[in-house]
Ligand SMILES: [Zn+2]
């Protein structure tokens, strides 16, 4: 069950995948990390290796023995970890990898993102039933911190160096892994929204499959980008381009949305990220049709049943029980106009971030 959770909870983000494909520098990767196949493929193109080494206890005996990050709270300050260190808040523990630099207000940002997500979805990060802890301590922190937050009652936020080797952000019910650039002053806070949305959902529901998971996370990204008015280029991939073309073929969804859901939920979509495409549309439809409460309703409903992520039939049953029997038929009807509207809104929204050309007289 626990390894299933890791397999199933893979949480990568479109923007990161795109940047990874640029293939910039190759970085130094520790031997431990090399053996780790992160869940970049979600349930997708690549089997995820979950045979990770067990955590061994070290000589450190108490929480207070580990180095604590001195985060000032000031966004203009920065903190560089000279060794692996951590910062404990009321509801989260931030673990900072050696060599990583983060802004002084990193803890405030995490708290803010978590509170904002809770408010949006009406769910709490506090709930934790049967946490699927994992050995991220081994993967990223040389086995340290084994006595910090051992019951995972708080959310673990891991901040690491980006190795630029194809690995992307991920999340599960107990933690979210972010890169140091994701929290920089002018950086991409939407990654934190995306990954922590996964954590929130997974702490409040059974595994509901890659389509629904990514849909919720993309919806959260889009919602907060608009609310807080920042640029999120990762959303471009869902819109029509200048020629009115979509990067995703919707024809199967329009023909039989339920069958297409099954296909996307059970099939690797590779670089095309089809489950993100289907998921974002589907969750946008759900919220548009049933209200934002529907996400919590679906999560609550999932807890009425026992199943794992391989049971797409059960995921569909939960979706129908929490909404309506004809939810997929309604989705087919909503899609053409509903998604065009999103595309228009998104393009209009992004226009404000286009560079304003400088007129010759101002040169
Ligand atoms: Zn994701």
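The values are calculated or read from the model by the stated rules, or taken from the named source; none is laboratory data. This is a predicted model, so every value here is computed, not measured. Cβ atoms come from the backbone with ideal geometry, glycine included; neighbour counts cover every protein chain shown.
Quick check: anything in region 108-123 assigned to a loop (DSSP other than H, G, I, E, B) and at pLDDT 95 or above? Spell out how you get there, then give the answer.
Quick first cut of region 108-123, residues assigned to a loop (DSSP other than H, G, I, E, B) only: 122-123.
Next, only the ones that are at pLDDT 95 or above stay: 122-123.
Within region 108-123, one or more residues are assigned to a loop (DSSP other than H, G, I, E, B) and at pLDDT 95 or above.
Does any residue of region 123-145 turn out to be more than 16 Å from the ligand (Cβ to nearest atom), outside the structural domain of residue 262 (by TED's automatic domain parsing), within 19 Å of residue 223 (Cβ to Cβ) and surrounded by fewer than 19 Cβ atoms within 10 Å (Cβ to Cβ)? Outline the logic, then answer.
Just the residues of region 123-145 that are more than 16 Å from the ligand (Cβ to nearest atom), to begin with: 123-145.
Next, only the ones that are outside the structural domain of residue 262 (by TED's automatic domain parsing) stay: 123-145.
Keeping just the survivors that are within 19 Å of residue 223 (Cβ to Cβ) gives 123-125.
Add one more test, that the residue is surrounded by fewer than 19 Cβ atoms within 10 Å (Cβ to Cβ), and what stays is 124.
Yes, region 123-145 contains a residue that is more than 16 Å from the ligand (Cβ to nearest atom), outside the structural domain of residue 262 (by TED's automatic domain parsing), within 19 Å of residue 223 (Cβ to Cβ) and surrounded by fewer than 19 Cβ atoms within 10 Å (Cβ to Cβ).
Given (1) under 14 Å from the mean Cα position of the chain (by Cα); (2) within 16 Å of the ligand (Cβ to nearest atom), identify the lone condition not met by residue 114.
Going through (1) under 14 Å from the mean Cα position of the chain (by Cα); (2) within 16 Å of the ligand (Cβ to nearest atom) one by one, residue 114 breaks only (2).
Given the criteria free of Cβ contacts under 8 Å to residues at least 60 places away in the same chain and within 16 Å of the ligand (Cβ to nearest atom), does residue 196 qualify? Step through it out loud before you land on a result.
Numbers: free of Cβ contacts under 8 Å to residues at least 60 places away in the same chain: no; within 16 Å of the ligand (Cβ to nearest atom): yes.
Criteria not met by residue 196.
Can you give me the ranges of the helices (runs of 4 or more DSSP H) entirely in region 127-234 with at least 2 residues that are farther than 23 Å from residue 80 by Cα and in contact with a helix residue (DSSP H, G or I) (Cβ under 9 Å, 6 or more places away or on another chain)?
Values: elements: 136-141, 189-202, 209-228.
Helices (runs of 4 or more DSSP H) meeting the threshold: 189-202, 209-228.
Listed here are the residues, each with its yes/no results for (1) out of contact with any strand residue (DSSP E or B) (no Cβ under 7 Å at 6 or more places or on another chain); (2) more than 16 Å from the ligand (Cβ to nearest atom); (3) modelled with pLDDT under 90.
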position: 190; (1), (2), (3): yes, no, no
position: 220; (1), (2), (3): yes, no, no
position: 225; (1), (2), (3): yes, no, no
position: 229; (1), (2), (3): yes, yes, yes
position: 239; (1), (2), (3): yes, yes, yes
position: 242; (1), (2), (3): yes, yes, yes
position: 269; (1), (2), (3): yes, no, yes
position: 273; (1), (2), (3): yes, no, yes
